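Here the structure comes first, spelled out in structure tokens, and everything after it is commentary.
The values are calculated or read from the model by the stated rules, or taken from the named source; none is laboratory data. Predicted model only: the values in this text are computed from it and were never measured. Neighbour counts run over all protein chains shown; Cβ positions are idealised from the backbone, glycine included.
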């Protein structure tokens, strides 16, 4: 099942995406809420009701009216929190190699994550960026999950049961801001907090069973053979696979939930896939060729990310009509 949040006449709704069409869940079953937040908080009971509606529409036993005029939103427009992990060893190793430092051994000991701005979640469409963001503006190709039920001190062997669904994720990054603040060993903050993009819909785990594979040796949890790509202005710049995650989402959730509650609506990103950002690509290019020309996102660029089974997420980069700079405020 593909769950989608959308807007009509400035009101948010919850629907399902079936064969290229969106159907409002509440219109099909009045016991289903008309927003993602309440739906996720309803847990497995509401999820099963929604799946019955999905099945009925697909088999033709339910005559549902499709939505015609709408704006697609982030599948989870108002997440309770947003964490981002560091699950792909290839990306970490390449980034460190490009900086001429050794691979950090702690990567293989435990998964890590940081909190980002859950109020800056966006879906498909325009991403408005300030002038300082365009100082080395970058994408990050990721996959994300959303939590479907409350839990605490969850073991990795049980953690996959807490996942309501999967989404494409673009962790937008302003590298100059990010690098200057991380010199103080705190962050990332301003380099990341302006936009995190998820979408186009939330795909429930049952739809991915056909892609399920074993996790990396020594790891616990589900893994999926899902091709990941990113195109900028129609040109492929990045590719990878969800199966390349060294740390599984189950293991990341185990760490997230240690001593604290995870809640329905929490979003957790995988971290960047190998080759999944210009920072890594530029570093590798310059390492191999001193004349390599680095590339960063520009005003008007179209960023398209696609993951097998999860759909395609498309955004247009837009420069804000402002000359306000916090980089210029440094003492």
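Which one of the conditions (1) under 20 Å from residue 273 (Cβ atoms); (2) surrounded by fewer than 17 Cβ atoms within 10 Å (Cβ to Cβ); (3) touching a residue at least 60 places away in the same chain (Cβ under 8 Å) does residue 213 fail to meet, given that it meets all the rest?
Every condition holds for residue 213 apart from (3).
Within the stretch 279-296, does at least one residue satisfy the condition of being under 16 Å from the mean Cα position of the chain (by Cα) and under 23 Å from residue 89 (Cβ atoms)?
no
Quick one: is residue 300 touching a strand residue (DSSP E or B) at 6+ places or on another chain (Cβ under 8 Å), part of a loop (DSSP other than H, G, I, E, B) and in contact (Cβ under 8 Å) with a residue 60 or more places away in the chain?
The answer is no for residue 300.
Checking residue 97 against (1) over 18 Å from residue 194 (Cα atoms); (2) under 13 Å from the mean Cα position of the chain (by Cα); (3) surrounded by fewer than 16 Cβ atoms within 10 Å (Cβ to Cβ), only one condition comes out false. Which one?
(2)
Just wondering, is there one or more residues in the stretch 84-105 that are at pLDDT 95 or above and either part of a strand (DSSP E or B) or not assigned by TED's automatic domain parsing to the domain that holds residue 196 (or both)?
The answer is yes, given that some residue of the stretch 84-105 is at pLDDT 95 or above and either part of a strand (DSSP E or B) or not assigned by TED's automatic domain parsing to the domain that holds residue 196 (or both).
Is it true that some residue in the stretch 17-26 is under 21 Å from the mean Cα position of the chain (by Cα) and not assigned by TED's automatic domain parsing to the domain that holds residue 309?
yes
Could you list, in sequence order, all residues of the stretch 71-94 that are surrounded by fewer than 18 Cβ atoms within 10 Å (Cβ to Cβ), in contact with a strand residue (DSSP E or B) (Cβ under 6 Å, 6 or more places away or on another chain) and farther than 14 Å from residue 201 by Cα?
81
Check whether at least one residue in the stretch 217-239 is assigned to a loop (DSSP other than H, G, I, E, B), closer than 19 Å to residue 140 by Cβ and either touching a helix residue (DSSP H, G or I) at 6+ places or on another chain (Cβ under 7 Å) or at pLDDT 95 or above (or both), and report yes or no.
yes
Output yes when any residue across the stretch 127-140 is in the same structural domain as residue 270 (by TED's automatic domain parsing) and within 21 Å of residue 2 (Cα to Cα), and no when none is.
no
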